[in-house]
Amino acid sequence: MAGYYDYVLGLIPGALIGVTASLTLVGLSLTAALPVGAAAAGAVMAHAMFVRNPVAGEAPARQSLDGEAGERSATGGSAGGGSSAGAAD
C-alpha cells in the first residue's frame, strides 16, 4: 500500500517537470520556467521533511517467520527445520 512518502517521491519529479512544462507552454522561456519548477519540487520536499516529518515510531515492526527474532533452538539448527544429513540416502 502506498503511503505519504511514496506519493512524495513521485510528486517531486512530477512537480519539477509538470510546472516547468506548463509554464513553458504558456509562453515563459525555459530559463525562467525551470527555477519555478525547481521551487515547486523543493516545496514538496520541504513539506515532507519539516511539516510532516518522518517519525521513528511510525515504522512497522519486523517479524521473523519462525516467531522468535533470530533465535536458534538448543541443537544449534534453525527453530523450524531439522537436519537433512540422513535424507539423501
Seminar exercise, completed: If we ask which residues in segment 39-56 are open to solvent by 50 Å² or more (accessible area, probe 1.4 Å) and part of a helix (DSSP H, G or I), their number turns out to be 8
Exercise. What residue, among those in segment 1-28 that are among the hydroxyl-bearing types (Ser, Thr, Tyr) and modelled with pLDDT under 95, is most open to solvent (accessible area, probe 1.4 Å)?
Worked result: Tyr7
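The values are calculated or read from the model by the stated rules, or taken from the named source; none is laboratory data. For clarity, every value in this text was computed on a predicted model and none was experimentally measured. In case anyone asks, the SASA skips ligands and DNA or RNA and just uses the protein heavy atoms, side chains included. Shrake-Rupley method; radii C 1.70, N 1.55, O 1.52, S 1.80 Å.
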